[in-house]
Amino acid sequence: MAIDFTLPADVTAVRDRIRAFMQERVAPAEARMRTDGGWRKGLGALRDEARAAGLWAPHMPREWGGMGLGPLAMAFVSAECGRTTMGAYILNCHAPDEGNMHTLLHHADDAQKERYLRPLAAGEVRSCFALTEPEVAGSDPTGIRTTAVKDGDNWVLNGHKWFISGARGAKFAIVIAKTDPDAEPPQARNTAFLVDCDTPGWEIVRDIETMAGHGNHCEIRLTNCVVSGANLLAGRGQGHRLGQARLGPARLAHCMRWIGNAEVALEMMVKRATERELHGGVLADKQAIQWKMAESAMELYAAKLMVLHAAYLIEKGMPFRQEVSMAKHHVANTLWRVVDRAIQVHGALGYSTDTPLESMLRHARSARLVDGADEVHMQQIALHVIEAFRETGGTRRATGADLL
Ligand SMILES: Cc1cc2nc3c(=O)[nH]c(=O)nc-3n(C[C@H](O)[C@H](O)[C@H](O)COP(=O)(O)OP(=O)(O)OC[C@H]3O[C@@H](n4cnc5c(N)ncnc54)[C@H](O)[C@@H]3O)c2cc1C
């Protein structure tokens, strides 16, 4: 029997170390930072502590200063990080830098790695990933209008991006631009460039205010932004492929952190339900409230299994798109539902800003949009189901890689 759900000892050991670090160092520091109002103060010291404890850049190979963990072990690390607000940043495995590090590791040439990946992995700089544009549907990146035109050894970029997470303060961006408007298929029209954010013509228009406040999701203008040919990443016409390759594991990393968020919400729900007295008992005695707990527990369990299986497929170099899409959709919606139920169980308190739940709900809403909206994943999932049926007469291949 090949299936063994026992975690390897090294994964358990890493998870326990990260768990202890998050519980003992990060969570109390965050609580202090919140009450002090000095949210950013102390983050640098915590990052130094993580580095000294050997908990730095867990997703990066050891030769890049990381812990050398694969996607499966990262599932546990990210879920622990997701139980705090800044845990992933403190370990230097936060979005979008984590995805950009992977992208550079696998697609950059040696000179690009030294110049961009080295300081990023060391946590000396931050980065961003610029694909989405206001004028065209982000769900169909073949339509982007930002252009890159060759000029001698350089490329000249012009365009308009928005919702570029982490742009303010980023040292460089991976920008997707159109270089070959007539190429077929349309997926061959876009190219990725490494753009230094101090390049003349790179302009942050604003930090877009969202329902979760200002989260450094910026609107950017590129006006005659000159980029050296040496900064073309992964080959001309490879921008779409690179974006997809980046998004697969990056989507999963989001899911892992969302599982940590959802766990916190469920724990808050249960705590409140077991303490709140009414009608001769506590809320937790009521079947309607128990169902909320049961539904949340079942959804969370399924979320964990889906994420672990998708991580396993990535780690083994097997096709993973279908499973990552299913996991992404399920976890994003699970997070939304669990937080919403936790608010319901808290009553008016849940609607107040006295608990973190309202903020969690506002942040959770973006999970159903980022890295592919719900409907885009549903469409992809359905297409795989249809294809599997047409080719094999069954749907097993598209419902968990022939698991059962
Ligand atoms: C908080 C946040 C952070 C982000 N960070 C980044 C970033 O760092 N870099 C970056 O490049 N982008 C980023 N984005 C943008 C994000 O990737 C896009 O919002 C997403 O791809 C959807 O694109 P869109 O907003 O243009 O919506 P559209 O493509 O216009 O789609 C609108 C809606 O149409 C529906 N829809 C789309 N396609 C289909 C379909 N085939 N069938 C049925 N319905 C469909 C969906 O409900 C979708 O929400 C971020 C967005 C948010 C909210």
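Nothing in this text is a laboratory measurement; each read-out follows from the coordinates by a stated rule. Quantities reported herein were computed from a predicted structural model and do not represent experimental measurements. Using ideal geometry, Cβ is built from the backbone for each residue, glycine included, and neighbour counts are taken over all protein chains shown.
For the reader, a short list of remarks on this structure follows.
- On full extension, the segment bounded by residue 23 and residue 106 gains 26.6 nm, given 0.36 nm per residue less the C-alpha separation.
- Computed lengthening from residue 45 to residue 295, 0.36 nm per intervening residue step minus Cα-Cα distance: 86.0 nm
- Model label points for residue 3 and residue 378, set 7 angstrom from Cα along the Cα-to-Cβ axis, are 2.8 nm apart.
- Rounded to 5, percent antiparallel among DSSP beta bridges of the chain: 85
- Going from the residue with the fewest nearby Cβ atoms within 10 Å to the one with the most, 386, 314 rank 386, 314.
- Using Cβ point charges alone (K and R +1, D and E -1), the dipole size of the stretch 127-233 about the Cα centre works out to roughly 140 debye.
- Packing-based exposure ordering (other Cβ within 10 Å, fewest first) of 351, 301, 116: 301, 351, 116
- Angle between the chain longest axis and helix 287-315 axis [Cα atoms, degrees, rounded to 10]: 40
- Whether the stretch 127-233 is rounded, prolate or oblate, judged on the alpha carbon gyration tensor where a/c under 1.5 counts as rounded: oblate
- Ranking of 140, 374, 4 by neighbouring Cβ atoms within 10 Å, starting from the fewest: 4, 140, 374.
- In the chain, lysine pairs closer than 26 Å at Cα, eight or more apart or cross-chain: 20
- Prolate/oblate/rounded label for the stretch 309-353 (Cα gyration tensor, a/c 1.5): prolate
- Spin-label model, residue 288 to residue 63: label points 7 Å out along the Cα-to-beta-carbon direction sit 6.1 nm apart.
- Pairwise label distance in nanometres, residue 205 with residue 276, each label 7 Å out on the Cα-Cβ vector: 4.3
- Potential lengthening between residue 150 and residue 302 on full extension [0.36 nm per residue; Cα-Cα distance subtracted]: 49.8 nm
- Under 11 Å, Cβ to Cβ, from residue 361 - net charge with Lys/Arg +1 and Asp/Glu -1: +2
- In units of the compact-protein estimate 2.2 N^0.38 Å, the chain shows a Cα radius of gyration of 1.02.
- Across the chain, C-alpha contacts under 8 Å between residues 6 or more apart give a mean separation that, scaled by the residue count, equals a relative contact order of 13 percent.
- Acute angle (nearest 10 degrees) that the helix 27-36 long axis makes with the longest principal axis of the chain, alpha-carbon atoms: 80
- Within-10-Å neighbourhood charge of residue 26 [Cβ basis; K, R +1; D, E -1]: -2
- Average projection, convex hull of the Cα set of the stretch 248-404: 10.1 square nanometres.
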